[in-house]
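To keep things clear, I will list the structure first and then write my remarks on it.
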Amino acid sequence: MTFDFDTPVNRAGTDSQKWQKYAGRDVLPLWVADMDFPSPPAILEALHRRVDHGIFGYARPVKSTVDAVVAAMESRYAWRIDPAWLVWLPGLVVGLNVTAQAFAEPGDEVLTLSPVYPPFMSAPKNSARVSVQVPFTLSGGAWTIDWDALERAVTPRTKLFYLCNPHNPLARVWRRDELARLGEFCVRHNLVLCSDEIHCDLILDPALPHVPTSLLSPEIAARTITLMAPSKTYNVPGLGTSFAIIPDSTRRARFIRATAGIVAEVTCLGFIACEAAYRDSEPWRRALLVYLRGNRDYLLDFLARELPGVRVEAPIEATYLAWLNVSALGLADPAGHFEKHGVGLSDGAYFGAKKGTHVRANIGCTRATLAEALRRMKAAVAAI
Ligand SMILES: Cc1ncc(COP(=O)(O)O)c(C=O)c1O
């Protein structure tokens, strides 16, 4: 079966956050992380059937939905999860915030590595916890963890570590030995490890497996809160369906207690999409990865040939997000400059990078849109 990722779908004038930002302006939105592709046919068909049923009451997952998640974990990662470990959530950002409240007290510190997806830094602050960030270093053409700086950052108030696996915005797939070392670090310092694995089914490099952090050892699993969702991979973030996987019953109970009365239920349509994603959409996902690899290669080739001032510092191993170093352009506000020339990128400063050094491009769009965005970026650089 073939899938069409090239035919554009007009999102202007819809409820799309990504497209509303530039309503009425000729700016191609390559910012917030959703893709411009329709969801897999299996999801669309399942949603149509559910809508035809006509009743949208409070929902609970049926067995086949839970089975689809459990089977996907086993077949993709050889991770055998007990259905009892699942805690359904309306979003991963919710999960990050709940984790901070459940496992740290006001004034306690939550450690993470930066640059990183902004809620990793803002979630602790939302509930008067403190975010502490250790910068990544670039070594031998790869983003690496500064282990000495990480050790130095730990204080008696450090309670929790937020990991992005694979990493947004660096597009890095963590290797088993790196994860084992991080896990050992959390065990040694008695930290709860919150592993955001929302991008785990979007690995572009076929040679790199996704290793769920929780799989490393029973000791690490017992302190790990894994956050996952079908939302990025199958382009259903607007349906608000995610889950935490928490093997340890005491930590799971604590997590659930922190959600009480605040965290909304997952909707009936969200459960339907989740089941159809994990059980019935694997051929679509494989085709998507081929298309995204093509976009990544197009981007890299264009930058090398036409835009030497814009650099990708390390391989794009996962996600549809490209972290671009634009410091050679000498612009105080590169994202603002590109926006004036018709391309809406994310400002790297938002992820904790030094202002003026980086932008993030979302390449989860048609090849034609990507080509046009790059043409505009070239014109923007020529206009400096
Ligand atoms: C690493 C990471 N976590 C979480 C999210 C958002 O998750 P949700 O929409 O489920 O809150 C994103 C979205 O870009 C992300 O990149």
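The values are calculated or read from the model by the stated rules, or taken from the named source; none is laboratory data. Please read these numbers as outputs of a predicted model, since none were measured by experiment. Note that each Cβ is placed from the backbone with ideal geometry, even for glycine, and that neighbours are counted across all protein chains shown. The accessibility values were calculated without ligands, DNA or RNA, using every heavy atom of the protein model including side chains. Shrake-Rupley method; radii C 1.70, N 1.55, O 1.52, S 1.80 Å.
Odds and ends about this structure:
- Qualifying residue in region 52-72 (condition: within 20 Å of the chain's Cα centre (by Cα), away from the ligand (no atom under 16 Å from the Cβ) and not in a strand (DSSP E or B)): yes
- Among the residues making up region 311-358, those that are open to solvent by 30 Å² or more (accessible area, probe 1.4 Å), closer than 28 Å to F5 by Cα and either within 16 Å of the ligand (Cβ to nearest atom) or in a strand (DSSP E or B) (or both) are R311, D347.
- Looking only at residues in region 138-179 that are hydroxyl-bearing (S, T, Y) and more than 16 Å from the ligand (Cβ to nearest atom), the one that is modelled with the lowest pLDDT is S139.
- Those residues of region 291-300 which are open to solvent by 70 Å² or more (accessible area, probe 1.4 Å) and within 10 Å of L374 (Cβ to Cβ), in sequence order: Y298
- The one condition in (1) under 24 Å from L202 (Cα atoms); (2) surrounded by fewer than 21 Cβ atoms within 10 Å (Cβ to Cβ) that A149 fails to fulfil: (1)
- Residue check for V326: more than 29 Å from N10 (Cα to Cα) and of a type in the set (A, V, I, L, M, F, W, C): yes
- Evaluating A104 against the criteria (1) within 15 Å of the ligand (Cβ to nearest atom); (2) open to solvent by less than 10 Å² (accessible area, probe 1.4 Å); (3) of a type in the set (G, A, S) leaves one unmet condition, (1).
- Verdict on V98 being in contact with a Ser or Thr (Cβ under 7 Å, 6 or more places away or on another chain), free of Cβ contacts under 8 Å to residues at least 60 places away in the same chain and within 16 Å of the ligand (Cβ to nearest atom): no
- For region 339-380, the set of residues classified as over 27 Å from T112 (Cβ atoms) and either of a type in the set (A, V, I, L, M, F, W, C) or at pLDDT below 95 (or both) consists of V343, C365, A368, L370, A371, A373, L374, M377, A379, A380, listed by residue number.
- Taking the numbered list (1) in contact with a Ser or Thr (Cβ under 7 Å, 6 or more places away or on another chain); (2) more than 13 Å from the ligand (Cβ to nearest atom); (3) assigned to a strand (DSSP E or B); (4) open to solvent by less than 30 Å² (accessible area, probe 1.4 Å) in turn, P124 passes all entries but (3).
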